[in-house]
Amino acid sequence: MILKVLWPIFLILFFVIIHPDVKKIFYENISEFIYVFILSFIVSFLATPIMSRIAKELKIVDEPNSRKIHSSAMPLLGGVAIWAGVILAVLWNYELSLGVRRIFLAATMLLVIGILDDIMDVSAKLRLFVQILASSFIIYSGIRLSFLPAGLWGDIGEIVITVIWLIGITNAFNFFDGMDGLAAGLAFISSITFFIISLDTNEPALSFISLAIAGSSLGFLYFNFHPASIFMGDGGSNFLGFLLAALAVYGTWSNQDPIVSFCIPLMVLSPLIFDMIYITVARVYRGDVTNIKEWIEYTGLDHFHHRVKSIGLSDTSTVLFLYLITALVCIGAILVKELTLIYAIFVIIQAVLIYSVVVILMLLSKGAVEDKDYILEKIRELKERVYTQDKLRTGEPKKELETETINIARELLDDIRRGSL
């Protein structure tokens with residue numbers, strides 16, 4: 001009901017704000033950055049319900065199953081709305097350099113492969129190939145990490161590390177998109193941080209793009225926060241993850257010290273890095289993954305946000321808690337920019353300590369997590385068996401099916417008791 005009132009209002013605002021005279025007023029009397037933020041927000045807000053309807057019509061939805069937390073089919077084209085908000089806001093306000101245009105083309109390439117993956121389950125090898133291709137595309141433009149000694153081996157090392165960074169952050173962002181509003185909120189906080197730092201380094205392209213991401217993510221977040229009515233899908237997470245990773249490489253974060261400049265994007269995107277390292281180490285240790293293909297394809301309930309939720313928080317509280325952690329570390333990143341190396345190291349240590357406290361909390365709840373996982377697995381088994389019974393025995397009287405269900409439940413409860421839970 002609220003959306004039926006808001007959508008026409010925002011549509012009118014869209015036509016007002018794109019008028020040249022209104023744009024001139026913002027640029028001369030208010031701020032061009034505020035203009036970019038508002039425009040990207042409005043476009044994303046308007047486009048999200050449209051993409052939701054299109055996704056439902058085309059059956060591009062995430063169907064519920066025993067390993068999903070949602071109970072109904074969720075449209076997966078929210079990423080297109082985010083993409084539209086970012087692209088339109090930037091192109092309407094800024095003349096892009098060749099390097100920045102290639103960043104957007106590469107990110108759009110990953111949006112497309114992500115949408116295809118949502119539709120037909122693209123193989124991990126093809127996804128990895130496209131990610132490498134997109135990374136190579138922007139590296140060819142001269143956009144890469146630069147901190148190793150000059151020379152052939154230094155150049156090769158920087159290229160390899162840049163590819164690993166771009167692919168790693170892209171996939172980490174995709175992994176992080178596991179709760180309503182989590183990935184979009186992280187993109188908002190991270191891009192706002194990039195914007196604040198870019199003002200001091202005088203990089204207008206970085207400022208415009210960062211604010212466009214922030215506004216577009218916030219416009220989408222209205223529909224994606226719990227309870228979500230649409231997901232950004234792999235297309236959206238690939239686009240945002242790659243774009244944030246590329247901006248981290250593109251930006252000049254500090255003119256004072258290369259170590260500080262290197263650490264700032266690490267801190268801003270540290271929730272993604274922490275999650276990626278945590279699950280990789282855990283899965284390799286358990287023997288769940290043995291190669292990159294398995295690493296990309298593996299899905300599980302062992303991510304950062306799952307472990308934080310296991311402490312006893314609700315979905316919404318978990319997301320807000322992770323917003324807080326991200327904001328705290330990002331504030332530290334802003335401070336690092338202005339500090340000398342020795343004081344910057346103390347702030348970096350503080351960020352490490354914040355994650356150490358989170359790890360301690362997760363380890364303290366580990367036993368409860370294992371018990372819950374076991375019980376949830378038994379419940380999923382019950383759901384699958386009852387579903388199979390219902391599919392195969394549709395001719396049975398309802399009373400007999402209910403009796404069969406009760407018997408299965410009792411059997412599973414006996415299994416749980418035998419497991420000393």
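Values in this text are rule-based calculations from the coordinates and carry no lab data. Small disclaimer: the values here were computed from a predicted structure and weren't measured. In this analysis, Cβ positions are derived from the backbone assuming ideal geometry, glycine residues included, and neighbour counts consider all displayed protein chains.
Find out how many positive minus negative residues lie around T170, taking Lys and Arg as positive, Asp and Glu as negative, among other residues whose Cβ is under 12 Å from that of T170.
Details: positive: R127; negative: D177, D234.
Residues near T170 contribute -1 overall.
Segment 190-228 and segment 69-104 have Cα centres spaced 12 Å apart.
Could you work out the local net charge near L46, counting Lys and Arg as +1, Asp and Glu as -1, over the other residues with Cβ closer than 14 Å to its Cβ? It would help to have the intermediate numbers written out before the result.
On the way: positive: K4, R53; negative: none.
Net of charged neighbours comes to +2.
Based on alpha-carbon atoms, the Kirkwood radius and the radius of gyration of segment 131-202 give Rg/Rh equal to 1.06. With Cα atoms defining each centre, segment 249-305 and segment 1-18 are spaced 39 Å apart in the structure.
For I345 and T316, calculate 0.36 nm times their separation in residues minus their Cα-Cα distance, and state this gained length in nm to one decimal.
Numbers: separation 29, 0.36 × 29 = 10.44 nm, distance 3.31 nm.
Result for the pair: 7.1 nm of gain on full extension.
What dipole magnitude, in Debye to the nearest 20, does segment 42-116 give about its Cα centre under +1 on Lys/Arg Cβ and -1 on Asp/Glu Cβ?
On the way: 7 positive and 4 negative charges, 27 e Å.
It comes to approximately 120 debye.
Take the Cα radius of gyration of segment 37-163 and divide it by 2.2 N^0.38 Å, N being the number of residues; the result is 1.32. Ordering of 149-156, 349-356 by packing is 349-356, 149-156, highest average first (other Cβ atoms within 10 Å, averaged per residue).
The phi-based Karplus calculation (6.51 cos²θ - 1.76 cosθ + 1.60; θ = phi - 60°) puts the 3J(HN,Hα) values of segment 133-147 at 4, 5, 5, 5, 4, 7, 5, 4, 7, x, 8, 7, 5, 9, 8 Hz, whole numbers, x for Gly and Pro.
Averaged over residues, the count of other Cβ atoms within 10 Å places the peptides 34-47, 280-293, 88-101 in the sequence 34-47, 88-101, 280-293, highest first.
For segment 90-232, the alpha-carbon coordinates run over 53, 41, 24 Å along the three principal axes, in decreasing order. So which of K59/K125; K293/K337; K24/K337 end up more than 31 Å apart, counting from Cα to Cα? As for pairs spanning more than 31 Å Cα to Cα, those are K293/K337; K24/K337.
Across segment 5-15, computed HN-Hα scalar couplings (Karplus, 6.51 cos²θ - 1.76 cosθ + 1.60, θ = phi - 60°) run 8, 6, 4, x, 5, 5, 5, 5, 4, 4, 5 Hz from first to last residue, x flagging Gly and Pro. Taken over segment 201-334, the alpha-carbon convex hull comes to 137 cubic angstrom per residue. V130 sits among other residues whose Cβ lies under 12 Å from its own Cβ, and their net charge, with Lys and Arg +1 and Asp and Glu -1, is 0. Sequence-ordered 3J(HN,Hα) estimates for segment 220-226 from the Karplus curve with 6.51, -1.76 and 1.60 and θ = phi - 60° stand at 6, 4, 4, 9, 9, 6, 4 Hz, glycine and proline given as x.
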